[in-house]
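Worksheet for the structure shown next.
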Amino acid sequence: MISGTTGLVGLLRDPKVGSLSPPMQNAAFAARGLDVAYVPLGVPPEQLEDAVRGLVALGFLGANVTTPHKRAIALLCDDVEGGVESVNTLVIRDGHVLGSSTDTEALGERRPGNAAVVGAGGAAAAWIAELEARGAEVHVFARKGEWPPNVEDAELVVQATPVKDELLFQPRAGQTVIDLAYRAEGGETAHVTAAHAAGCEVVDGLEVLVLQGAASFERWTGLPAPVEIMRAAIRS
């Protein structure tokens, strides 16, 4: 139940794009006994600055940010953790907006020598920056640049486009494949299916969502995220 004292966290997204973050985060808040609600907020790009002001004015605790706003939102924050150019998490305290990125939490402790990132959006930018910070040589493939992707030599491949049904590259045995896309209705994407068939280590889009969402939850609340409950909320 939302009451007059309920804290709010938003999801700034393209009005036409759905997300599994609301059921996942609301399950997490309930599991921790928090009077907080997570609400999707469709925002066209030309109204993004107004939306951020609205979050502050309405006393939101913070927000997640997704397609297509991750780069633009970084310019609207008072501070950006680590100076990243792509932001997916806002924490709002005393009218101050702190931006950060939890997009790469699925990387874990991996430190590949070389990696390939397929895509050119905000999430791709976050992955490129993190991989390079860990010393990886990163090859980027985008339709407006080098295309089609040739990931044969990569130890780790990040599929950072929204493509679910088309196979943009052929995984090979021994690679780690991280696919950011997921099917809200369940089932594997074409890249996850191909990566499993090739014998790759695979991190699918739902797991990516859980791990980045858990890190965001901890930024908003200061509490450990109930990861298993979040995972169950979107995989059940």
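The values are calculated or read from the model by the stated rules, or taken from the named source; none is laboratory data. If you're wondering where the values come from, they're calculated on a predicted model, not measured in any experiment. All Cβ positions, even for glycine, are placed from backbone atoms using ideal geometry, and neighbour counts span all protein chains on display. When the accessible area is computed, the model is the full protein with side chains, heavy atoms only, and any ligands, DNA or RNA have been set aside. Shrake-Rupley method; radii C 1.70, N 1.55, O 1.52, S 1.80 Å.
Structure summary
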quantity	calculated
The range 155-236, accessible area per residue, ligands and nucleic acids excluded (1.4 Å, Å²)	42
Cβ-placed point charges (K, R +1; D, E -1), dipole of the chain about Cα centre in debye, nearest 20	420
For the range 99-107, 3J(HN,Hα) per residue [Karplus equation, 6.51 cos²θ - 1.76 cosθ + 1.60, θ = phi - 60°, Hz, x = Gly/Pro]	x, 7, 10, 10, 4, 9, 4, 5, 5
Which of M24, A116, V202, positive extreme of dipole for the chain (C-beta unit charges)	M24
Heavy-atom accessible area ranking, 1.4 Å probe, most first, across D153, D204, D179, D50	D153, D50, D204, D179
Between the range 136-155 and the range 45-72, the alpha-carbon center distance in angstrom	31
Length released on extending from A184 to V17, taking residue separation times 0.36 nm less the Cα-Cα span	59.0 nm
Alpha-carbon centroid distance for the pair the range 1-38 / the range 187-208, whole angstrom	28
Folded to 0 to 90 degrees: helix 205-221 orientation relative to the chain principal axis, Cα	30
Square roots of 5 times each gyration tensor eigenvalue, C-alpha, the chain, largest first, Å	30, 20, 16
Solvent-accessible ranking of I128, I229, largest area first, probe 1.4 Å	I229, I128
Nearest-20 debye value, the range 117-236 charge dipole, Cβ charges on Lys, Arg, Asp, Glu	320
Cα-based helix-to-principal-axis angle, 48-57 vs the chain, degrees rounded to 10	40
Carbon/sulfur fraction of accessible area - the chain, other protein chains in place, 1.4 Å, %	52
DSSP-defined antiparallel bridges as percent of all bridges, the chain, nearest 5	20
Linear extension gain, E166 paired with H196, 0.36 nm per residue minus alpha-carbon span	9.2 nm
